[in-house]
Amino acid sequence: MKWIDVQNNQSFDIESIVYLRKDDFSNTVSELLQTGSRMIALTPIDKNIPQKIIAVLSDSASSTIHIVGGDFSDGKFEFESWANKFPQTNYFECELSENYSYLPVNHPWLRPVRKQSVILKNKPYQFFKLEGEEVHEVAVGPIHAGVIEPGHFRFQCHGELIYNLEIILGYQHRAVEKLFLNANQNQRIILAESIAGDTTIGHTFAHCSALESLAQTQISLRADVIRTIAAEIERVAMHLSGLGGLSNDIGFALPSASYGRLRTLAINSLAAICGSRFGRGLFAYGGVQFDFTDEIIKMVINNLKTVQNDVQKINEYLFSSVGALSRFEETGIINNELANSIGLVGLAARSSGIEDDIRINFPYSAYRYNPISMINLSTGDVFARARARAMEIDEAFRFVFEQIENLPQGKIKTEMGNLNANSGVISIVEGWRGEIVHIASTDNSGNLTQYKIKDPSFNNWYGLSLTMRNTAISDFPLCNKSFDLSYSGHDL
Amino acid sequence: MGIDILQGIISIIIILGLSPLFAGLVNKQKAILTGRIGAPILQPYYDLQKIFKKETINATSSSFISRISPLINLVTLVIAAAMLPVGFWKPLISFSGDIILFAYILGLARFFQILAAMDIGSSFEGMGAAREATFALFAEPIFFFTIGSISFISGFTSLFDIYHSIELTNISYGVFIIICSISVFMLAVSECSRMPVDDPNTHLELTMIHEVMILDNSGIDLFLYQYSSYIKLFIYAILEISFFYPFSQQSYLLGILIFITGSAALTFVLGVVETIISRSKMKNIPQYLLFATAIGILNLLIYTFTK
């Protein structure tokens, strides 16, 4: 066997990884990509041994994660780039190159991911340029007119039509991955909570699952269910906020105000559970910090029933409005083939007809026992992404009500032991935006030697950029909102 | 003669003084309709006061055009305001053919605003200027086909006289007025950058038309632009309300009453329209404007065939 297979959240011995030589490594990864696996990470398993890297590929069909090792001990850090054939690996290669000075040979477009100075060797970044009398360039950001995160967008336009959009990120880089290695246990959860402020629960979920697997700690079913309920409430809240944002971007005042109001109710339910509207402080290693009392259950159900009831009406209003539909439909299309080749994940991928939901394909935590249904739409336009949100909200409500009324008994927290030595784990969680990957590994004394995070935004920013081709520049904010990507999640 | 001038001056003061209130009323109604408390009705006045106190900064790449344009904007709009009747008072400036002056004095304001936007040299503002110029091209015929058709029908070429000739008792006039008020409303929406043509509340610089042109202005310049845009909105409101004066009755009190209730009703209509509709795609805006032009042409056709 040229690679090892693991399951989601299954801790493995890092000694068991088979390290292949340069060309063999390249071919094996290529082979796996060919058979429909998708790259989810490309990184050294030990931060201090950069010559040994692993390519992690997920195979949704068989629910397995392939880990291919590559050994570059003798010779240069060079490998044949896969990006020409499989554009989805493009950004992973750039990231590896930036962090560990690898050179993907024949890479089509080696560019900085977060740190401008590394790949460019302090030369100024060269933007893609379009020349001619009638073309013009519009540069937006990193400081924007609204209160949003920083990112630089450069449009090459012909009149109102966009030819190319280039997105430069990295302004929020905080070296989170490095901070994880130096942090103590108490600090780590707080760090995980602040990877992306809007996916607090998603990232903390992935982080806790990863470390619990490394410590071989089994958490109680009750804690599992509470975690998934919180994750679903976060999904509801963020999807409401997304729909509100979409309505706001088309100047549709009524739904915009209503979704905003309903989102407050949803996040207030989280506050009722753990005291923070974004779910901070809920997660702990070995379970959760706060239990559901009858009082809390009653309040959460009450809150969410109100939201469910009102959301139905306002959805009906939004999705039957001719004005809104004319803005949503056939705007910012990303078809199935393109979405597949660039490795789109999460909500955006499901709106382009890709059947990819970690909760179903790589079930974890309480989703193993309580399945959720896949929402899948095929048109891949803004409408699909808006509609998918509305449908996921319905499905999340079904899940939450079902679970909260049948909470299993048990304690909510078990003591977590020390991390196993020489182990690694890959933890994938479906955040509201999509697939969140946390990879952790330990050395022979059980200290973390690598912590790798991949937010769904990492894959999807490129999708947004391609979506904008041949779209009117005035539709950019709408398309951007329909993806609703995170800057800090990408920048780490 | 003396009383005419006095009335004309009072009219201008009313227009200049109340225009921010009009905008405030629209915003308040919008807020109430979407279930929010909203900003106070007098918020536009506070905003103007706030902007006025701020420091004025000009882009280093800009020329004198950027400095004079805000003032020209305000002055032209004040002149336009001086040509409109409040109640049935004779406006300060009123002569045969003043509809042409009215249309092009507003055109002058726009011309300088576009120039100033391009003068700053930012790619955004150039984009906004291009949009403004394009849509202005489609908006101009609306004015001439609607106000022009009424002028043609009544035989007068002065705004005051045109409105003066309107009699609600005459049924055929009633038809023309309804048609005209629709197309003037559509024109007002486009000229004053309201929904569905432009979103006055958006922060998304890439979708703006009017707002993007004043993105780089601050302090007194922004004050002048902002104030002019309030005046412009009110000017178009008056253009709309004036259709409904029963001038033939010549009662001062009734005229003022209709002015007040008409304005209030119009804020309500604007508030409702902006709540229940979404912004249209930018490439569909010319269609919207051409539709309004077509309505104006319809007016002429009805007149020609029924004469």
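What follows draws every value from the coordinates through simple rules; no lab data is involved. Here the structure is a predicted model, which means the values were calculated and not measured. Virtual Cβ from ideal backbone geometry, glycine too; neighbours counted across all protein chains shown.
Observations on the model:
- Segment A:4-113 - convex hull of the alpha-carbon atoms, volume per residue in Å³: 99 Å³
- Global geometry of segment A:344-492, whether rounded, prolate or oblate, following the gyration tensor of its Cα atoms and the 1.5 cut on a/c: oblate
- Its alpha carbons considered, the protein assembly as shown gives a radius of gyration followed by a Dmax of 31.1, 104 Å.
- Karplus (6.51, -1.76, 1.60) ³J(HN,Hα), θ = phi - 60°, over segment A:138-147, in Hz, Gly and Pro reported as x: 10, 10, 10, x, x, 9, 10, 6, x, 8
- Packing-based exposure ordering (other Cβ within 10 Å, fewest first) of A:SER30, B:SER242, B:SER61: B:SER61, A:SER30, B:SER242
- With all pairs of different C-alpha atoms in the average, the Kirkwood value for the hydrodynamic radius of segment A:58-146 is 16.2 Å.
- Cα-based values for segment A:176-491, radius of gyration first and Dmax second, are 19.3, 63 Å.
- Remark: relative contact order (chain B) = 30 percent; criterion is Cα-Cα distance under 8 angstrom and separation of 6 or more residues.
- Computed on chain A, with alpha-carbon pairs under 8 angstrom and 6+ residues apart, the relative contact order is 20 percent.
- Relative contact order (%) - criterion: Cα under 8 Å, at least six apart; region: segment A:4-113: 26 percent
- Amide H contacts of A:ALA215 (H built 1.01 Å from N, under 5 Å, at least 5 apart or other chain): A:ASN420
- Projecting the Cα positions of A:PHE155, A:SER30, A:SER276 onto the charge dipole of chain A (unit charges on Cβ atoms of Lys, Arg, Asp and Glu, taken about the Cα centre) puts A:SER276 furthest along the positive direction.
- Under 17 Å from B:LYS283, Cα to Cα: lysines that are on another chain or at least 8 residues apart: none
- For segment B:217-231, 3J(HN,Hα) computed residue by residue from phi via the Karplus equation (6.51, -1.76, 1.60; θ = phi - 60°) reads 9, 8, x, 5, 5, 5, 4, 4, 5, 5, 4, 4, 6, 5, 4 Hz, glycine and proline entered as x.
- Long-range Cα-Cα pairs in segment A:192-349 (distance over 22 Å), rounded percent: 52 percent
- Close amide H contacts of A:TYR19 (hydrogens built in the peptide plane, cut-off under 5 Å, sequence separation of 5 or more or a different chain): none are found.
- Overall Cα dimensions of segment B:222-307, principal axis frame, Å, largest first: 47, 46, 27
- Dipole magnitude of the protein assembly as shown, debye to nearest 20 (Cβ charges: Lys/Arg +1, Asp/Glu -1, about Cα centre): 1100 debye
- Relative compactness, segment A:121-196, computed as alpha-carbon Rg over 2.2 N^0.38 Å: 1.60
- Placed amide H near A:PHE252: partners under 5 Å, 5+ positions off or other chain: B:ARG279
- Lys, Arg +1 and Asp, Glu -1 on Cβ, resulting dipole of segment A:402-492 about Cα centre, debye, nearest 20: 160 debye
- In segment A:288-387, the inverse of the mean reciprocal separation of distinct Cα atoms equals 16.2 Å; this is its Kirkwood hydrodynamic radius.
- Equivalent ellipsoid semi-axes, segment B:7-72, via Cα gyration tensor eigenvalues times 5, rooted, Å: 29, 20, 10
- Computed from Cα positions, the angle between helix B:252-276 and the longest principal axis of chain B comes to roughly 50 degrees.
- Remark on segment B:2-306: ratio of C-alpha radius of gyration to 2.2 N^0.38 Å is 0.98.
- The simple spin-label model puts a point 7 Å past each Cα toward its Cβ; for A:LYS313 and B:THR134 those points are separated by 4.0 nm.
- Dmax and Rg, reported as Rg then Dmax, of segment A:63-202 (C-alpha, Å): 18.8, 59
- With 5 Å bins beginning at zero, the pair-distance distribution over Cα atoms of segment B:128-287 amounts to 1, 8, 15, 19, 18, 15, 11, 7, 4, 1, 0 %.
- Segment B:1-125 shape via C-alpha gyration tensor axes, a/c threshold 1.5: oblate
- In the calculated pair-distance distribution of segment A:393-468, the portion above 18 angstrom amounts to 67 percent of the Cα-Cα pairs.
- Links that overshoot a 23 Å alpha carbon limit, given the list A:LYS2/A:LYS22; A:LYS22/A:LYS115; A:LYS313/B:LYS30: A:LYS22/A:LYS115
- With θ taken as phi - 60° and the Karplus curve 6.51 cos²θ - 1.76 cosθ + 1.60 applied, the whole-hertz 3J(HN,Hα) list for segment A:182-195 is 8, 7, 8, 3, 5, 6, 4, 5, 5, 4, 4, 5, 10, 5 Hz, x standing for glycine and proline.
- Two-site FRET efficiency, B:ALA39 against A:LEU179, from Cβ-Cβ distance with R₀ of 25 Å, rounded to 0.05: 0.05
- Distant alpha-carbon pairs in segment A:386-429 (separation over 16 angstrom), percent: 68 percent
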